[in-house]
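Asks: Sharing a structure, written as C-alpha cells. Questions coming.
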Amino acid sequence: MDALNLTLILTFCIIAALSQATHHLAIKSSKLNQTQQQLDEGCSYVATIKTSCSSTFYARGEIDLIFGDAYGNQVYVPELPGHFDDCSTNSYDVIQHGACTHQICHLQLYWTGDSDLILETVSIYNHLDDPVTFYYHTVIPPAGGPYGFDDCHDY
C-alpha cells in the first residue's frame, strides 16, 4: 500500500508540475504575441513640410527625415517625393514598425533636389503626443544637410 501511495503522490506532483510549466509558457507566449502585434501594427505619424513664400517658385526633389525622442527611439523616413512650390504645404503619412517615439525632440532633414529650398516649418504629428513643429526659416541647397534640431536636452 505504501508503494501505491508513493506512486500516486509522485504522479500527482509530476502532473501538477507539468500543468504549472504549461501555464507559465502560455503566459509568456501571450506577452510575445502582444509585443509582436504592436511591432506589426507600428506607430503612425504625419509629417508636414511647409515651404516659405520666399522659396524657389518650383523645386522638385526628395527629402529624407530622421526624427526621434530623448530615449533614442528614431524614425527614418527616406525619399519623401515632392514638388515643393513656394508657399506650399506637403503632408506625408508615415508608419514606423518597431519602437515608437514619444515627445519628439530632434529632427534631421536632407534635401536632394534641383534647386535651393527655403523651408518654414516641419511638423510631426502622432496620436499619442502633442504635435511638434521645427522652425527652419533657412535656405537648404540641393544635396545639402543634414539640417536639423536637437532639443532633447530639455527632457
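The values are calculated or read from the model by the stated rules, or taken from the named source; none is laboratory data. Since the model is a prediction, treat every value here as computed from it, not as a measurement. For neighbour counting, all protein chains shown are included, and Cβ atoms are generated from backbone atoms with ideal geometry for every residue, glycine included.
Asks: Name the strands (runs of 3 or more DSSP E) wholly within region 23-134 that hold at least 3 residues that are out of contact with any Lys or Arg (no Cβ under 8 Å at 6 or more places or on another chain), over 18 Å from Tyr147 (Cβ atoms) and modelled with pLDDT of 85 or more? I'd like the intermediate steps shown before the answer.
Replies: Values: elements: 43-51, 58-68, 74-85, 89-96, 106-113, 117-126.
The qualifying strands (runs of 3 or more DSSP E) are 43-51, 89-96.
Asks: Can you run down the residue pairs with Cβ atoms below 6 Å, 6 or more apart or on separate chains, where the first is in region 69-84 and in contact (Cβ under 8 Å) with a residue 60 or more places away in the chain and in the same structural domain as Thr121 (by TED's automatic domain parsing) and the partner is small (Gly, Ala, Ser) and part of a strand (DSSP E or B)?
Replies: Hits for this filter: zero, empty list.
Asks: Name the residues in region 105-132 that are touching an Asp or Glu at 6+ places or on another chain (Cβ under 6 Å) and surrounded by 18 or more Cβ atoms within 10 Å (Cβ to Cβ), would you?
Replies: Just the residues of region 105-132 that are touching an Asp or Glu at 6+ places or on another chain (Cβ under 6 Å), to begin with: 105-106, 110, 112.
Passing the criteria: Cys105, His106, Tyr110.
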